[in-house]
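The values are calculated or read from the model by the stated rules, or taken from the named source; none is laboratory data. Keep in mind it's a predicted model, so treat the numbers as computed, not measured. Ideal geometry is used to build each Cβ from the backbone, glycine not excepted, and the neighbour counts take in all protein chains shown. What goes into the accessible areas is simple: the full protein's heavy atoms, side chains included, and nothing from ligands, DNA or RNA. Shrake-Rupley method; radii C 1.70, N 1.55, O 1.52, S 1.80 Å.
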Amino acid sequence: MRLGNQQRSPILVLDRVVKEHAGNPPLRILHDVALTVSRGELLAIVGPSGSGKSTLLSLIGTLDRPTSGRIELEGHDLNALSDRKIAALRAHRIGFVFQQFFLLPGLTTIENVATGLLYTGETARRRRRRAVRALEDVGLAHRLEHRPGQLSGGEKQRVAIARALVGDPLLLLADEPTGALDTDAGQGVVDLLLELNAQGTTVVVITHDRDLAASFPRQVGLQDGRIAFDTYNDAYVMAPAQGRAP
Ligand code: ADP
Ligand code: MG
């Protein structure tokens, strides 16, 4: 399926991005990384442990700034923005999913998802309503009042995905989202990401799993902090937009 040019405009551009950690000599983690992600894409950033994937994700997600180089998010040059402006951009435009879920154990499923809307200033009632809708979208309408301790790993990750999506972000970033799950639950989470992408969400998934990466339409390979390959899978067929069992 081909998308029109308008939908294919870049939302993320990295140009000669370098990340170093302080030391003598400094430790260079990312070397001259160049990457462009267009609206509606689904791509895997794949590489062995220690290759710099999480570091790259934290730069893309504006959680950290590069040592040098340029990152543009939706046309905004991040170097030109204050920390406060960047925090606002992050809150409104980026959804995060991590291997460890990071749900708050004392909160129900709905409350955990509604925390993704705290920055909006919407009423609690409206945040709840949007949380319920997001939970329906990830197939968890029947787990609204559960607490994380009462959910399976796969269900917890769905809650985390709902929390990431509830504010309708431009970009969904997932760092090893299946890393803590068994094969079946992991496949369920991957299927959900494919479906969300088919509905229009731009998704970047970080993984060390070569097979998982190979099932995506695009794979960007990291090796020792450098992009080693960037390939498209022409055989990729977009996931059906419906048909997931609840
Ligand atoms: P990956 O996610 O691919 O496993 P990371 O991005 O977490 O890799 O780490 C890449 C490299 O950067 C590793 O060698 C790691 O030890 C190093 N690293 C990560 N964070 C820091 C830090 N704060 N200070 C120094 N080195 C770091
Ligand atoms: Mg990592």
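Heavy atoms of the protein chains alone define the surface here; on that basis the chain has 50 Å² accessible area per residue at 1.4 Å probe size. Just the protein heavy atoms count here, and of the accessible area of the chain at 1.4 Å, carbon and sulfur take up 49 percent.
Dividing the summed helix terms, -39500 (n - 2.57) for each DSSP H run of n ≥ 4, by the number of residues in the chain produces a 222 nm estimate of -9000 deg cm²/dmol to the nearest 500. Cross-link partners for residue 85 among the aspartates and glutamates, with Cα-Cα distance under 12 Å and sequence neighbours closer than 8 places in the same chain left out: 77.
Overall size of the chain from C-alpha positions, given as principal axis extents largest first: 51, 42, 38 Å.
Distances between placed amide hydrogens fall under 5 Å for residue 38 paired with 11, all partners being 5 or more residues away or on another chain.
For a straight C-alpha distance cut-off of 22 angstrom, the lysines reachable from residue 53 (same-chain residues fewer than eight places away being disregarded) are 19.
Between the helical axis of 124-137 and the longest alpha-carbon principal axis of the chain there is an angle of about 80 degrees. For the chain, take the longest principal axis of its alpha carbons; what is the angle in degrees between that and the long axis of helix 183-198, to the nearest 10 within 0 to 90? Computed tilt is about 80 degrees.
Could you list the GluC sites (Glu not before Pro) in region 1-89 that lie in coil according to DSSP, counting only those with at most 15 other Cβ atoms within 10 Å of their Cβ? Within region 1-89, the qualifying GluC sites (Glu not before Pro) (loop, at most 15 other Cβ atoms within 10 Å) are 74. When you work out D = kT/(6 pi eta Rh) for region 95-241 at 20 °C and 1.002 mPa s, using the Kirkwood radius from C-alpha pairs as Rh and the Stokes-Einstein form, the result is 135 µm²/s. Between 0 and 90 degrees, the angle of helix 153-165 with respect to the longest Cα principal axis of the chain falls at about 70 degrees. Summary of packing: across the peptides 163-174, 199-210, the per-residue average of other C-beta atoms within 10 Å ranks them, highest first, as 163-174, 199-210.
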